[in-house]
1. Quick one: count up the residues across segment 168-183 that are open to solvent by less than 60 Å² (accessible area, probe 1.4 Å) and free of Cβ contacts under 8 Å to residues at least 12 places away in the same chain.
2. Would a scan of segment 136-156 turn up a residue that is touching a residue at least 40 places away in the same chain (Cβ under 8 Å), under 24 Å from ALA55 (Cβ atoms) and not polar (S, T, N, Q)?
3. Among the listed residues ALA18, ALA32, ALA57, which satisfies the condition of being over 21 Å from HIS112 (Cβ atoms) and either buried (at least 19 other Cβ atoms within 10 Å of the Cβ) or modelled with pLDDT of 95 or more (or both)?
4. Could you please let me know if PRO69 is part of a loop (DSSP other than H, G, I, E, B) and not aromatic (Phe, Trp, Tyr)?
5. Looking at (1) in contact with a helix residue (DSSP H, G or I) (Cβ under 9 Å, 6 or more places away or on another chain); (2) exposed (fewer than 15 other Cβ atoms within 10 Å of the Cβ); (3) more than 27 Å from GLY138 (Cβ to Cβ), which is the only condition PRO69 fails?
6. Could you grab the pairs with beta carbons closer than 8 Å, sequence gap of 6+ or different chains, first residue in segment 79-92 and under 11 Å from ALA52 (Cα atoms), second one in a loop (DSSP other than H, G, I, E, B)?
Amino acid sequence: MSSTPTGSTPSGTTEVLAGVAVRAHGLRGEVAVDVHTDSPEERFAPGAVLTARRAGAPDGVLTVESSRPHSGKLLVRFVEAPDRTAAEGLRGTRLVIPTDALAPPEDPDEFHIHQLEGLRAELEDGTVVGTVREVLLGPGGELLVLARPELPDALVPFVHQIVPTVDLDGGRVVLTPPEGLLDVE
């Protein structure tokens, strides 16, 4: 899987979240980034261009100058943020990329997280139980948020034991939930 879905732009282009700038690091303009992608070496490679999105500000562009892992985060230098002051100004910036910039996975059994949105969720017997509304990345792993008609959304751990089949061509995921997982209470 690749990155966390973020939604669509006014032009209809779907985007994914690659990371979030959390704080400046050091004096040379490095930014500590919470990574939201399985491919940080690709998304934050020198020369990679990311859309910088901050609430209440127009989108900008950031070009990766360098990156390196550090204490569970990625330290990234952007061409547009040459010093600590500029790096500090990026705090809270969401770093997104358009999904059409993502290369398709080489393995046919792999997919990007955004491809799961909108898939029909059904049980092994074919009973439809909802639609994948979004994928949440939590501390314990990914969760599928299932929109269910006339019922509250359900959170389903995205693990092979519970979601053994992802059929992109068929537009579905097959679930084998443990007892009680999809109950309303």
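1. Step one: of segment 168-183, the residues open to solvent by less than 60 Å² (accessible area, probe 1.4 Å) are 170-171, 173-177, 180-182.
Next cut, free of Cβ contacts under 8 Å to residues at least 12 places away in the same chain only: 170, 180.
Within segment 168-183, residues that are open to solvent by less than 60 Å² (accessible area, probe 1.4 Å) and free of Cβ contacts under 8 Å to residues at least 12 places away in the same chain number 2.
2. Residues of segment 136-156 that are touching a residue at least 40 places away in the same chain (Cβ under 8 Å), as a first pass: 137, 142.
Remaining after also requiring under 24 Å from ALA55 (Cβ atoms): 137.
After this cut, where a residue has to be not polar (S, T, N, Q) as well, the list is 137.
Looking for residues that are touching a residue at least 40 places away in the same chain (Cβ under 8 Å), under 24 Å from ALA55 (Cβ atoms) and not polar (S, T, N, Q), one finds at least one in segment 136-156, hence yes.
3. Numbers: ALA18 fails: over 21 Å from HIS112 (Cβ atoms); ALA57 fails: either buried (at least 19 other Cβ atoms within 10 Å of the Cβ) or modelled with pLDDT of 95 or more (or both).
Criteria check complete, one pass: ALA32.
4. Working: part of a loop (DSSP other than H, G, I, E, B): no; not aromatic (Phe, Trp, Tyr): yes.
When the stated conditions are applied, PRO69 does not pass them.
5. Going through (1) in contact with a helix residue (DSSP H, G or I) (Cβ under 9 Å, 6 or more places away or on another chain); (2) exposed (fewer than 15 other Cβ atoms within 10 Å of the Cβ); (3) more than 27 Å from GLY138 (Cβ to Cβ) one by one, PRO69 breaks only (3).
6. These pairs meet every condition: LEU90/ALA81; GLY92/ARG54; GLY92/ALA55.
The values are calculated or read from the model by the stated rules, or taken from the named source; none is laboratory data. Here the structure is a predicted model, which is why all the values come from computation and not from measurement. Backbone-built Cβ (ideal geometry, glycine too); neighbour counts: all protein chains shown. The area values use the complete protein model at the heavy-atom level, side chains included, leaving out ligands, DNA and RNA. Shrake-Rupley method; radii C 1.70, N 1.55, O 1.52, S 1.80 Å.
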